[in-house]
């Protein structure tokens, strides 16, 4: 569970559904075979020398395909992740729905790789799941009440002088 939950967008429910639907990930020889079994690859029609790519095959587990698309939706919203950058880059050219399917296929191959190689997902952009980016706070000097009043009165004097010069 920890291996899969390291991927952006995957929670406990997603892991449970994927393990229940897929079973042993090592039954598949590659991540592409897993994506094909789930039904996230396009239909390919061939006539003579021409190849036509159609809609996705939808031949595999309907629940696994559904949960992967939900995971892809969540991964597309994760800030500072490589998967979000992939989504943003492709969304401009092919549209939201097709990008979600492409991202779901990408996540399926990532998941297969993580399980078979027993690795934790690490993003090149520095994303780590559960890590909160803290904003840097600029430290300011603390003034006493008398000093604050003096500064504000000087500001008002400057503004008053500028107002008289403009008239």
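Report whether or not residue 26 is outside any strand (DSSP E or B) and surrounded by 13 or more Cβ atoms within 10 Å (Cβ to Cβ).
no
Could you run through the stretch 32-87 and say how many residues are touching a strand residue (DSSP E or B) at 6+ places or on another chain (Cβ under 7 Å) and more than 23 Å from residue 16 (Cβ to Cβ)?
If we filter the stretch 32-87 for residues that are touching a strand residue (DSSP E or B) at 6+ places or on another chain (Cβ under 7 Å), which is where we start, we get 39-45, 51-57.
When the remaining residues are screened for being more than 23 Å from residue 16 (Cβ to Cβ), the result is 41-45, 51-57.
Qualifying residue count, the stretch 32-87: 12.
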Checklist line | Residues (part of a loop (DSSP other than H, G, I, E, B), over 18 Å from residue 74 (Cα atoms) and either at pLDDT below 90 or touching a helix residue (DSSP H, G or I) at 6+ places or on another chain (Cβ under 8 Å) (or both)) located in the stretch 29-43 | finding: 30, 39, 41
Next item on the list: Answer with yes or no whether residue 15 is without any contact (Cβ under 8 Å) to a residue 60 or more places away in the chain and in contact with a helix residue (DSSP H, G or I) (Cβ under 7 Å, 6 or more places away or on another chain).
Entry: yes
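The values are calculated or read from the model by the stated rules, or taken from the named source; none is laboratory data. Small disclaimer: the values here were computed from a predicted structure and weren't measured. We place every Cβ from the backbone using ideal geometry, glycine too, and count neighbours over all the protein chains shown.
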